[in-house]
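*Asks:* Sharing a structure with you now.
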Amino acid sequence: MAIKTELIDELLKDYQKPEDIIGENGLLKRFVKAVLERAMNAELTHHLGYEKHDPAGNNSGNSRNGTSSKTVKGDFGELEIEVPRDRISTFEPQILPKHQTRFTGFDAKIVSMYARGMTTREIEGHLKEIYNVEVSPALISQVTEAVNEEVKLWQNRVL
C-alpha cells in the first residue's frame, strides 16, 4: 500500500528539526501510538460484531467498556497506549496481546547485547541512553534467562 504524498506533506508541515520526527514527542512515536490504538479499536469492533454507537449493540450481551492504559517499551522508547475493553472481558487484542509490555524486537536487542558480553547494568544504561527507556536489571535477567539456551548457541557459533 502506497502512502499518499499529500498525507506525508500534511504530517511534515510543521517540521523544523529531527526531534520533531524522532524525538520524545515526535511524529513517529505519535504515529505508532495512533496506529496501535486504531488497530485495537478495529479488532474490538470485529470481536463485538458491530461498530461503535451502532444500535445493533444494544442488549447484545457485550459492549465497549472504555479503555485502560498500558505502557509499552520498544525501539521508540516508552509509549502510553489506551487499550479498549469489552464489558465481559473476552476481548484479546492481537496486535498487542494482554500482558505484553514489550515489542518482541526489544527483547532481541537485550539478548544481542547480553550475548556480546554486556552486563545487565551495562544493558540497562545503554537502553536508557539510546532509547530513553528505564529497564530494570531484573527484567533484563528475566529476558536473558528465557532465551539462555539461544544465547549459549549464539556465543559458541563458528565465526
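The values are calculated or read from the model by the stated rules, or taken from the named source; none is laboratory data. Being a predicted model, the structure only gives us computed values, none of them experimental. Cβ coordinates were reconstructed from backbone atoms using ideal geometry, including for glycine residues, and neighbour counts include every protein chain displayed. Each accessible area value is taken on the protein alone, full model and side chains, heavy atoms only, with ligands, DNA and RNA left out. Shrake-Rupley method; radii C 1.70, N 1.55, O 1.52, S 1.80 Å.
*Asks:* Can you spot the aspartates and glutamates whose alpha carbon is less than 17 Å from Lys17's alpha carbon? Ignore those fewer than 8 places along the same chain.
*Replies:* Cα-Cα hits under 17 Å: Asp9.
*Asks:* When the solvent-accessible surface of protein heavy atoms is calculated with a 1.4 angstrom probe, in what order do Met113, Met118, Met40 fall, highest first? The partial results should precede the final answer.
*Replies:* On the way: Met113 20, Met118 55, Met40 0 Å².
Of Met113, Met118, Met40, the descending order of accessible area is Met118, Met113, Met40.
*Asks:* How long is the gain from Glu129 to Leu159 if the chain were fully straight, where each residue apart is worth 0.36 nm and the alpha carbon distance is subtracted? Each step should come with its number before you reach the end.
*Replies:* Values: separation 30, 0.36 × 30 = 10.80 nm, distance 2.97 nm.
Using 0.36 nm per residue and subtracting the Cα-Cα distance, I get 7.8 nm.
*Asks:* Moving to a separate point now. Checking the table Lys33/Lys152; Lys13/Lys73; Lys29/Lys109; Lys4/Lys98; Lys13/Lys98 against a 30 Å threshold on Cα-Cα, which pairs fail? If you can, show how the numbers build up before the last one.
*Replies:* Working: Lys33/Lys152 35 Å; Lys13/Lys73 28 Å; Lys29/Lys109 19 Å; Lys4/Lys98 33 Å; Lys13/Lys98 36 Å.
Listed pairs above 30 Å: Lys33/Lys152; Lys4/Lys98; Lys13/Lys98.
*Asks:* Under the rule that an exposed site lies in a DSSP loop and has at most 13 other Cβ atoms within 10 Å, name the longest stretch of the chain with no trypsin sites (Lys or Arg not before Pro) of that kind, not counting the sites themselves.
*Replies:* For trypsin sites (Lys or Arg not before Pro) (loop position, at most 13 other Cβ atoms within 10 Å), the longest site-free span of the chain is 53-97.
*Asks:* Between [x] -0.94; [y] -0.61; [z] -0.82, which matches log10 I(q)/I(0) by the Debye sum over Cα atoms at q = 0.13 Å⁻¹ calculated for the structure shown?
*Replies:* After the calculation, the listed value that fits is [z].
*Asks:* Another one. Report the local net charge at Asn25: Lys and Arg +1, Asp and Glu -1, summed over other residues whose C-beta lies under 13 Å from its C-beta. Display every interim value, and only then the final one.
*Replies:* Details: positive: Lys17, Lys29, Arg30, Lys33; negative: Asp14, Glu19, Asp20, Glu24, Glu78, Glu80.
The answer is -2.
*Asks:* Can you give the accessible area of Glu78 in Å² (nearest 10), computed on protein heavy atoms with a 1.4 Å probe?
*Replies:* For Glu78, the solvent-accessible surface is approximately 70 Å².
*Asks:* Report, by chain and number, residues whose modeled amide H sits under 5 Å from the one on Asn65, excluding near sequence neighbours (fewer than 5 apart, same chain).
*Replies:* Amide H to amide H, under 5 Å and 5 or more residues apart or across chains, Asn65 pairs with Arg85, Asp86, Arg87.
*Asks:* A further question follows. Can you compute the radius of gyration and Dmax for segment 90-152, using only the Cα atoms, both in Å?
*Replies:* According to the Cα coordinates of segment 90-152, Rg and Dmax are 12.8, 43 Å.
*Asks:* Less than 12 Å apart at the alpha-carbon level, and either on another chain or at least 8 residues along: which aspartates and glutamates does that give for Lys70?
*Replies:* Glu37, Glu78, Glu80, Glu82
*Asks:* Just to confirm a number: summing +1 for Lys and Arg and -1 for Asp and Glu over residues other than Val83 whose beta-carbon lies under 9 angstrom from that of Val83, what do you get?
*Replies:* Details: positive: Lys70, Arg85, Lys98; negative: Glu37, Glu82.
Net local charge, Val83 excluded: +1.
*Asks:* Here's another thing I want to ask about it. Using a 1.4 Å probe, what is the accessible area per residue for the chain, in Å²?
*Replies:* Values: 10920 Å² over 159 residues.
Dividing the accessible area of the chain by its residue count gives 69 Å².
*Asks:* Return the distance in nm (one decimal) between the two label points of a simple spin-label model at Ser63 and Lys4, each offset 7 Å from Cα along Cα→Cβ.
*Replies:* 3.4
*Asks:* Further question on the same structure: Just tell me, in residue order, which DSSP H segments of the chain are both 20 angstrom or longer along the helix axis (alpha-carbon based) and at least 0.0 in mean Kyte-Doolittle hydropathy.
*Replies:* Numbers: long enough: 27-48 (31 Å, 0.14).
Membrane-span-like by this rule: 27-48.
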